[in-house]
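Each remark here refers to the structure printed beneath this line.
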Amino acid sequence: MHPSSRETVVSAEGIARSYGGFTALDGFSLDIPAGSVFGLLGPNGSGKSTFITMLAAMDAPVRGSLTVFGASPAPALRARVGTVFQENTQDPLMRVGETLTLAGKLFGLTGNTLRDRSRQLLQAFGLADRAGNAVSTLSGGMRRRLEMARALLHDPELLLLDEPTTGVDPDERRALWSTLLERERGARTILLATNDLAEADTVCETVAFVRQGRVVATGTPESLKRGLKREVLHVTWLDATDRQLEEVQAWPGTGQVTHEGDFVHIAVDDAASLVPRLFAIAPGAVRSVTIQPSTLEDAYFQHVGRRASAPVEVAS
Amino acid sequence: MSAVTAPGALFLRDIRAVLRSRSQLYSSMLMPLLFLVFLGNGVSEGLSPSKLSAGSFTAYLVAGVVVMASVFSSTFSSASYYRDRDSGIMRMFLSSPHPPRVILLGKSLAGVFIGIVQAMVVFVVAAPFVDFEWQYGLVPGLVMAAAAVVLLNVMLSGLAQALASRIQTMQGFHLVMNLGLFPLLFFSGAFFPIDNLPVWLQVLARLNPLSYAVDALELSAYANGTGGFFGLWLDFAVMAALAVAVYALGLARTPKLSYSGA
């Protein structure tokens with residue numbers, strides 16, 4: 001039975017895990033309410049995949065407390081969890097239908113239940129006409145859709161998605177999310193680990209920012225954006241000095257100023273009034289300026305302090 | 001959740017994979033048969049060995065080639081661990097509600113089954129050309145030969161699995177299997193009798209698990225007034241103990257999910 005109330009499905013309290021000298025999780029705490037679409041956002045290596053692996057009971061914290069459905073993750077609990085891993089988990093020599101049949105049997109489905117469920121999911125994810133084809137003949141997007149169908153096959157109460165749309169083109173990505181959310185929103189708890197902030201902003205009800213193995217902020221995308229300056233200036237600024245950036249930060253109405261290489265990001269209340277001053281402070285060095293309303297990415301930038309992807313130059 | 005469904009599904013999937021990978025299927029069969037045909041006839045006709053109780057060298061080689069087919073088969077079958085790890089499907093297996101040993105059980109049973117079939121094919125192919133004597137009678141002899149083949153393949157499958165879970169690369173795995181098992185084949189009685197060997201080689205032969213398989217197969221298929229090198233009881237006792245121990249060792253360790261570069 002799927003949880004109907006907003007009870008907590010996942011509860012992590014100060015969990016830690018290291019591999020050799022690398023600390024993957026360090027004091028990681030998080031509660032995920034039942035039936036929500038929850039986003040876990042952080043740069044590569046921030047601990048998202050490690051946390052997902054623990055929820056799938058394939059690893060365990062060395063410190064702290066982790067419960068899924070009120071119990072410590074154990075192999076038997078995996079029957080209630082479906083996982084789309086960051087990498088595909090398919091044998092290219094197997095056929096599409098065989099892949100689902102094998103996965104279904106591993107998760108205890110047999111006979112008509114398995115056949116019907118496979119057929120429905122292949123239909124839903126647009127793979128019905130490829131059931132007899134080898135997995136190796138599928139495109140990257142199709143393989144991710146097959147992963148999604150495989151993870152949903154045993155009707156899990158908790159669906160773990162670890163960067164499920166990596167390598168998927170925008171059309172495929174939109175179709176995949178549309179299918180998934182249309183079918184699944186509210187029906188089960190979904191945890192999406194990603195560093196695609198626009199994707200998380202679109203699909204998640206609640207997000208948590210993760211930095212260096214620790215959750216640094218949690219809330220709805222709207223609540224995380226609240227409190228930010230109204231706009232963000234993305235500036236291509238050659239050889240900006242610390243002194244220049246400090247001067248910009250001291251201007252009234254200016255929020256956080258960060259930079260990586262020649263890209264400078266300035267949170268500001270009124271961007272238009274700031275632009276002439278920028279050109280004045282660094283004549284010739286400011287090569288382009290783009291004004292955008294604050295997004296989840298800016299909230300992320302503020303909390304995590306590092307971008308998930310390189311900034312995109314919009315105007316020059 | 002059925003404890004049989006999962007290993008059964010994995011068993012069938014691995015069998016299907018081998019049947020689809022024809023090159024693996026044929027190459028692991030062809031090499032032992034080539035030994036039987038060319039080495040057997042070559043030595044029989046060219047050297048006319050007079051000490052062989054089986055009559056011709058081809059007949060003598062049958063037991064050893066059956067063991068060799070099992071060695072090849074277990075080596076090839078274990079490649080599937082690396083294929084499954086590198087394709088990522090092992091991660092899906094291990095995310096199912098079953099403990100790793102259930103997953104490994106299904107996969108290794110497929111390896112055992114393929115090894116048994118390939119070994120028995122050698123017997124069947126050799127039968128028209130070799131005068132098996134079946135000293136204990138045809139049916140008991142066949143049962144004993146089949147039992148020896150089963151125990152041998154269980155042991156080899158366990159060994160291959162134990163090594164595959166510890167060795168990072170398939171190349172390294174094949175190297176270790178070849179370096180380890182080929183010398184063992186040489187002084188197992190597969191290619192020449194061990195009772196006339198120097199003492200130090202006889203000692204090594206007694207420590208060699210494959211010697212007991214070769215001995216049991218020869219005793220099952222041929223008349224041997226001396227009772228073989230070790231004797232049937234010792235052959236089966238050693239093979240059964242090793243099969244159980246090595247197979248359990250093979251199931252004990254969780255397979256690696258990714259290549260760490262070590």
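Observations on the structure shown:
- Label-point separation, residue A:288 to residue A:123 (7 Å along Cα→Cβ), nm: 4.8
- Peptide B:97-110 has a mean of 2 when you count, residue by residue, the C-beta atoms of other protein chains within 10 Å of its C-beta.
- Reach of residue B:107 by Cα under 20 Å, taken over aspartates and glutamates that are not fewer than 8 positions away in the same chain: A:91, A:98, B:14, B:84, B:86
- Helix runs (DSSP H) in chain B reaching 18 Å along axis by Cα, Kyte-Doolittle at least 1.0: B:100-126, B:138-164, B:170-186, B:232-251
- In Å², nearest 10: area of residue B:82 left accessible to a 1.4 Å probe: 10
- At most 13 other Cβ within 10 Å, DSSP loop - GluC sites (Glu not before Pro), the stretch A:191-263: none
- Accessible-area value, residue B:98, 1.4 Å probe, nucleic acids and ligands omitted, Å²: 10
- Computed over protein heavy atoms with a 1.4 Å probe, the accessible surface of the protein assembly as shown works out to 43 Å² per residue.
- Local net charge near residue A:193, Cβ-Cβ under 12 Å (Lys/Arg +1, Asp/Glu -1): -3
- For chain A, the share of DSSP beta bridges that are antiparallel, to the nearest 5, is 65%.
- Among the trypsin sites (Lys or Arg not before Pro) in the stretch B:67-132, none is located in a DSSP loop while being surrounded by at most 14 other Cβ atoms within 10 Å of its own Cβ.
- Computed over neighbours whose Cβ is under 15 Å from that of residue A:83, the net charge equals -1, Lys and Arg +1, Asp and Glu -1.
- If the chain linking residue A:22 and residue A:175 were pulled fully straight, counting 0.36 nm for each residue of separation and taking away their Cα-Cα distance, it would gain 51.4 nm.
- Inter-chain Cβ neighbour average for residues B:6-13, partner chain, 10 Å: 4
- Space enclosed by the convex hull of the alpha-carbon atoms of chain A, per residue, Å³: 153
- Using distinct alpha-carbon pairs, which all enter the 1/r mean, Kirkwood radius of chain B in Å: 19.0
- Expressed as a whole percent, the accessible area of the stretch B:5-252 that falls on carbon and sulfur atoms is 73 (1.4 Å probe).
- Dividing the summed -39500 (n - 2.57) terms of all DSSP H runs of n ≥ 4 by the residue count of the protein assembly as shown sets its mean residue ellipticity at 222 nm at -16000 deg cm²/dmol.
- Each residue, residue A:239 and residue A:115, gets one label point 7 Å from its Cα in the Cβ direction; the gap between the two is 7.4 nm.
- Solvent-accessible area of residue A:169, all protein chains in place: 80 Å² (probe radius 1.4 Å, heavy atoms, ligands and nucleic acids excluded).
- Chains B and A, summed buried accessible surface - 1.4 Å probe, Å², nearest 100: 2100
- Site pair residue B:249 and residue A:29 shows an inter-label distance of 4.8 nm when each label is modelled 7 Å from Cα along Cα→Cβ.
- Ratio of Rg to Rh for the protein assembly as shown: 1.14 [Cα atoms; Kirkwood radius as inverse mean 1/r over pairs].
- Share of carbon and sulfur in the accessible heavy-atom surface of chain A [1.4 Å probe, %]: 49
- Each of the trypsin sites (Lys or Arg not before Pro) that DSSP puts in a loop and that has at most 14 other Cβ atoms within 10 Å breaks chain A; the longest unbroken stretch is A:7-225.
- Accessible-area ranking of A:259, A:265, largest first, probe 1.4 Å: A:259, A:265
- Cβ neighbours within 10 Å from other chains - mean over A:96-106: 5
The values are calculated or read from the model by the stated rules, or taken from the named source; none is laboratory data. None of these values were measured; they are calculated from a predicted model. Here Cβ is always computed from backbone atoms with ideal geometry, including for glycine, and neighbour counts include all displayed protein chains. Heavy atoms of the whole protein, side chains included, go into the accessibility calculation; ligands, DNA and RNA do not. Shrake-Rupley method; radii C 1.70, N 1.55, O 1.52, S 1.80 Å.
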